[in-house]
1. Restricting the range B:138-151 to residues that are more than 9 Å from chain A (Cβ to nearest Cβ) and free of Cβ contacts under 8 Å to residues at least 60 places away in the same chain, which is nearest to B:Tyr117 (Cα to Cα)?
2. Could you tell me whether B:Leu26 is hydrophobic (A, V, I, L, M, F, W, C) and modelled with pLDDT of 90 or more?
3. Within the range B:138-162, work out how many residues are assigned to a strand (DSSP E or B) and either surrounded by fewer than 19 Cβ atoms within 10 Å (Cβ to Cβ) or in contact with a Gly (Cβ under 6 Å, 6 or more places away or on another chain) (or both).
4. Could you figure out which of (1) in contact with a Leu (Cβ under 7 Å, 6 or more places away or on another chain); (2) hydroxyl-bearing (Ser, Thr, Tyr); (3) surrounded by fewer than 19 Cβ atoms within 10 Å (Cβ to Cβ) isn't true of B:Thr92?
5. Checking A:Glu19 against (1) touching a residue at least 60 places away in the same chain (Cβ under 8 Å); (2) buried (at least 16 other Cβ atoms within 10 Å of the Cβ); (3) over 30 Å from B:Arg146 (Cβ atoms), only one condition comes out false. Which one?
6. Residue check, A:Leu158 against (1) on the phi > 0 side of the Ramachandran plot; (2) more than 14 Å from chain B (Cβ to nearest Cβ); (3) more than 17 Å from the chain's Cα centre (by Cα), all met but one. Which one?
7. Would you point out the residue of the range B:109-137, among those that are part of a loop (DSSP other than H, G, I, E, B) and surrounded by fewer than 15 Cβ atoms within 10 Å (Cβ to Cβ), that is farthest from the other protein chains (Cβ to nearest Cβ)?
8. Taking the range B:20-61, which residues are touching a residue at least 40 places away in the same chain (Cβ under 8 Å), in a loop (DSSP other than H, G, I, E, B) and more than 21 Å from B:Lys83 (Cβ to Cβ)?
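The values are calculated or read from the model by the stated rules, or taken from the named source; none is laboratory data. All figures in this text were calculated on a predicted structure; none of them were measured in a lab. Here Cβ is always computed from backbone atoms with ideal geometry, including for glycine, and neighbour counts include all displayed protein chains.
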Amino acid sequence: MGLLDKEFTDGNIVIAKAEDLMNWARLSSLWQVSFGLACCAIEMMATSASHYDFDRFGVIPRPSPRHADIIIISGTVTLKMATRIKRLYEQMPEPKYIISMGSCSNSGGPYWEHGYHVLKGIDRVIPVDVYVPGCPPRPEALLEGLIKLQEKIRKTSLVKKST
Amino acid sequence: MKNTEEILQALKENFPDFSFELKSDLPVEGFIICNPLVIDKISHFLHDNPELNFDSLINLSGVDEIKANQLSVYYHLESTELKHKLVLKVVTDRNSPEVASVTDIWKGANWHEREAYDMFGIKFLNHPDLRRILMPYDWEAGHPLRKDYENPEFYQGMKVPF
């Protein structure tokens, strides 16, 4: 971290780059859309529950996409649902992030060949920041995915495009 | 409690004009094949007759028998009172599949028939609300569980194949 070090040595003064401060604020309270799709959603709920405690990373489920910063696509995306997810995503305010959780939303998963009704990867509809592999991923894997997203947000810059 | 042969006898006595065929040479339970356009009348009889009393439709499913160029519907019935079961089958032409609806008799048939319509394109006559149930309402590529179904390249701008 290293961002707030100086607060503790210099009393009430915080010295930080505006960029770092904004990124820190953003990555520390990633409110998610309360939205689950399939069996991955069960793991996502387990991650939110007390044992894994998603809340300690500032992830709070919100009932409206208009309150939210991230959406976790947790499960099989059917073509019928894909149009709805696109609408949810469009309702979220910027900056917004997407975690694609599990094989189904990464690539269609077990439905990749014969699933006439399944979208073969949510990235065909909305841009994905972090892909979490697994079928379904364990809560630890989802936490890892969130930490990866936090790293990504920490590196973003207001002036130059992040690599 | 009656077995399939006894039920077939009761059906033949009550509907002398309709054709019934018992199929029992398969490794599954025997079933009765009947006419798709009168399945509602037959179902009414099976439901209302106190000695048969089929009060429960366990399942209703479509099957594509493409080699015989036919679509069929299977009805699995049970009498929770008398503890007997029956399987009915109706066969329709693959090019114009029409089956009488049994939603008047068993309310649960409503969604089963919608599913059979969605997946196989079987038209259920006198169904109160014959819309697709699982696929999107604007799905134009046909009925996906038909053996000769081809998935479309795109749906609403989304690429469908892997």
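1. My answer is B:His143.
2. Numbers: hydrophobic (A, V, I, L, M, F, W, C): yes; modelled with pLDDT of 90 or more: no.
Against the criterion (hydrophobic (A, V, I, L, M, F, W, C) and modelled with pLDDT of 90 or more), B:Leu26 does not qualify.
3. 3
4. Just one mismatch for B:Thr92, condition (3).
5. (2)
6. (1)
7. First pass over the range B:109-137, keeping only residues part of a loop (DSSP other than H, G, I, E, B): B:121-122, B:126-137.
Right, trim to surrounded by fewer than 15 Cβ atoms within 10 Å (Cβ to Cβ) and you get B:126, B:128-129, B:131, B:134, B:137.
Working: B:Asn126: 27, B:Pro128: 23, B:Asp129: 18, B:Arg131: 13, B:Leu134: 7, B:Tyr137: 9 Å.
The qualifying residue farthest from the other protein chains (Cβ to nearest Cβ) is B:Asn126.
8. B:Asn35 - this is the single residue of the range B:20-61 that is touching a residue at least 40 places away in the same chain (Cβ under 8 Å), in a loop (DSSP other than H, G, I, E, B) and more than 21 Å from B:Lys83 (Cβ to Cβ).
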